[in-house]
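A.B. asks: Take this structure, written in structure tokens, and hold onto it; I'll ask about it next.
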Amino acid sequence: MNHKLGESPLTCFSVRKLARQYRKNFTKSLQQAPLLLPTDNSTIRPPIDQWFMSMDVSPNIVGKFYNSTLLKDFGETGKGLFFMPSII
């Protein structure tokens, strides 16, 4: 694999319960879904925001994280869906 980290595609992750709840009609199902996001100055945040705007979806942002490990930890406890580079 030969991608710069900032150029890697993003994937939506969640615990199984949330995946089942939001899988059907994915992306529209994300309307008001609990979402964990990196802070606004993160390199992966602009593409996430642009994607939601292009899909006309307004998720419920329940947390913003400067530290991607902490974001992932909260996501793995079921606090919300989260996006990470696909290569993780």
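A.B. asks: Mind listing the long-range amide H neighbours of Phe65? Cut-off is under 5 Å, sequence gap 5 or more, other chains count too, H placed in the peptide plane at 1.01 Å from N.
C.D. replies: Leu37, Thr39
A.B. asks: So in the stretch 9-85, what percent of DSSP beta bridges are antiparallel if you round to the nearest 5?
C.D. replies: 35 percent
A.B. asks: Run the numbers on the stretch 9-85 and let me know its relative contact order in percent, using alpha-carbon pairs under 8 Å that are six or more apart.
C.D. replies: Once normalised by length, the contact order is 48 percent.
A.B. asks: Just to be sure I understand the curve: with the Debye formula and one point per C-alpha of the stretch 9-85, what is log10 I(q)/I(0) at q = 0.14 Å⁻¹?
C.D. replies: Log10 of I(q)/I(0), two decimals: -0.38.
A.B. asks: If you put +1 on each Lys and Arg Cβ and -1 on each Asp and Glu Cβ, how big is the dipole of the chain around its Cα centre, in Debye rounded to 20?
C.D. replies: Taking the Cα centre of the chain as origin, the dipole is about 400 debye.
A.B. asks: Quickly work out the Thr43-to-Gln21 label distance, labels modelled 7 Å from Cα along the C-beta direction, and quote it in nm with one decimal.
C.D. replies: It works out to 3.2 nm between the two label points.
A.B. asks: I want to check a number: in the chain, how many lysine pairs have alpha carbons closer than 26 Å, given a sequence separation of 8 or more or different chains?
C.D. replies: The result is 14.
Bear in mind that the values in this text are calculations on the coordinates, not laboratory data. This structure is a prediction, so every number in the text was calculated from the model and none was measured. Heads up, the Cβs are rebuilt from the backbone with ideal geometry, glycines too, and the neighbour counts pull from every protein chain shown.
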